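What follows is a set of notes on a single structure, which appears directly below.
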Amino acid sequence: MEQHRLESSLQLLQGKIYEAMDNRTLAAECYKKALRLDVFCYEAFEALVKHQMLSREAEEELLNSLSQGSASEGQLVKVLYATKVKKYDKPEPLDVPPELHSLRENLDVATAIAERCYYNCDYKRCYEITSSVLNKDPFHTDCLPVHISCLMELGKSNALFYLAHRLVDLYPESAISWFAVGCYYFLNGKADAARRFLSKATVLDQVFGPAWLVYGHSFAVENEHDQAMAAYFKALQLMKGCHLPFLYIGLEYGLTNSTKLAERFFNQALAIAPHDPFVLHELGVVAFQSQDYAAAKNLFENALNILGVEDLTILPEKWEPLLNNLGHTCRKLRKFTEALEYHQHALVLSPQNPSTLAAIGFIYSLTCDWAKAVEYFHKALGLQRYV
């Protein structure tokens, strides 16, 4: 047993050396060997899951291959490690045996559940969990990236400013501090300033994947496709088990009219996160562009169903394109009544969108309701002269 632990420590050290040399494939192999030699080598396990080095299948295979000691030890290891993997599964109450009941209050376990909520687009619940964790431990290093990402999704710029300010004051040499600052500026539409701070975060921690993703966003919003792609590919290299780099690379290919490449990356994202509405939406866009309107409608509706909202008018504004795309697809399928409903719902989410008004006017013209068609075209032209 001692011999195995010694060999495990050596494999862990070798993995860290490979990771420092930017050879993540060999680093991952060393970390896996370290875990197989000593199931309690948590540092190796954390390196694999924190930096998302493994695919979902590889994570499950690794968990199943781990040899455990006594029954009680094995149960503890199984519960703790299982919370850290399967990030894309639906968040469920933690199933722990009575003797491990205290784990329910564990902050690491709570953070893992919050991460599942985030990847399942339940940002409100994710925010509640991460806020609770940070109230107990204000600088929980695993929780902070999830919390910061959640603040961005919910548009809470004031809370993000306050958190970033505190982090920079206390940890000026930490990548997470400058990541928070960069996210704040990006959220407020200052891409150039965001880039400066995100670049600093990537210098302080070159394997910090989230910083590379937002760094890519800062170029993407300014239509700097090549630089955005370079950042996303770097994130992909660092986060092989995460679907987000695949999604954003696909988006950039789509914007440059490389539809086939876009579809390939979206499908890879879907293989990792089969219930992500953003991925389904983008695949629907690809199907629409390929004039496969029935498939597009199916994909858009699947995305909408995953959001699980009965009243479409209470959706966040970010889903307005999904409702409009459903409207366009229904129009192509000559389902005009259904198309109008979707466009009207989209109009509630974004009332001053001239494209939506023009789309409604177009449907009325197709149904020969000329008076309403003219009314909506006038409204659209009043907001934007060239729609």
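For this structure, a couple of remarks:
- Using C-alpha pairs under 8 Å with a sequence gap of at least 6, the mean separation divided by the residue count of region 1-86 gives a relative contact order of 25 percent.
- The residue 314 and residue 291 beta-carbon pair, evaluated with R₀ = 25 Å, returns a calculated FRET efficiency of approximately 0.15.
- Over all pairs of different C-alpha atoms in the chain, the reciprocal of the mean inverse distance, the Kirkwood hydrodynamic radius, equals 23.0 Å.
- Electrostatic bookkeeping for residue 8 treats Lys and Arg as +1 and Asp and Glu as -1; over the other residues with beta carbon under 12 Å from its beta carbon, the sum is 0.
- Most mobile listed residue (327, 182, 308) in the chain, GNM with C-alpha springs under 10 Å: 308
- The magnitude of the dipole of the chain, with charges of +1 and -1 set on the Cβ of Lys/Arg and Asp/Glu and taken from the Cα centre, is near 840 debye.
- Local electrostatic count at residue 219 - Lys and Arg +1, Asp and Glu -1, tallied over other residues with Cβ under 15 Å: -1
- Extension gain for the segment residue 128 to residue 193, taken as residue separation times 0.36 nm less the Cα-Cα distance, is 20.5 nm to one decimal.
- Normalised contact order of the chain, rounded percent, pairs of Cα under 8 Å and 6 or more residues apart: 8 percent
- Charge dipole (region 1-86, unit charges on Cβ, about Cα centre) - positive-most of 15, 79, 62: 79
- Average silhouette area of region 1-86, convex hull of alpha-carbon atoms, in square nanometres: 5.1 nm²
- GNM top mover of 112, 371, 271 - the chain, alpha-carbon springs below 10 Å: 371
- Our helix-only sum for the chain, with -39,500 (n - 2.57) per DSSP H run of n ≥ 4 divided by its residues, gives a mean residue ellipticity at 222 nm of -23000 deg cm²/dmol.
- Positive end of the dipole of the chain (Cβ unit charges, origin at the Cα centre): among 4, 154, 373, the Cα lying farthest that way belongs to 373.
- Electrostatic dipole magnitude of region 297-387 [Cβ: Lys, Arg +1; Asp, Glu -1; Cα centre; debye, to 20]: 400 debye
- Each other residue within a Cβ distance under 12 Å of residue 160 adds +1 if Lys or Arg and -1 if Asp or Glu, for a net charge of +1.
- On the beta carbon distance between residue 383 and residue 5, with R0 = 56 Å, the FRET formula returns roughly 0.25.
- Lys/Arg +1, Asp/Glu -1 at C-beta; the chain dipole; positive extreme among 53, 257, 239: 257
Read-outs: derived from the displayed coordinates by stated rules, not from any lab. Note that the structure is predicted; figures quoted are calculated from it, not measured. With ideal geometry, Cβ positions are generated from the backbone for all residues, glycine too; neighbour counts draw on all protein chains shown.
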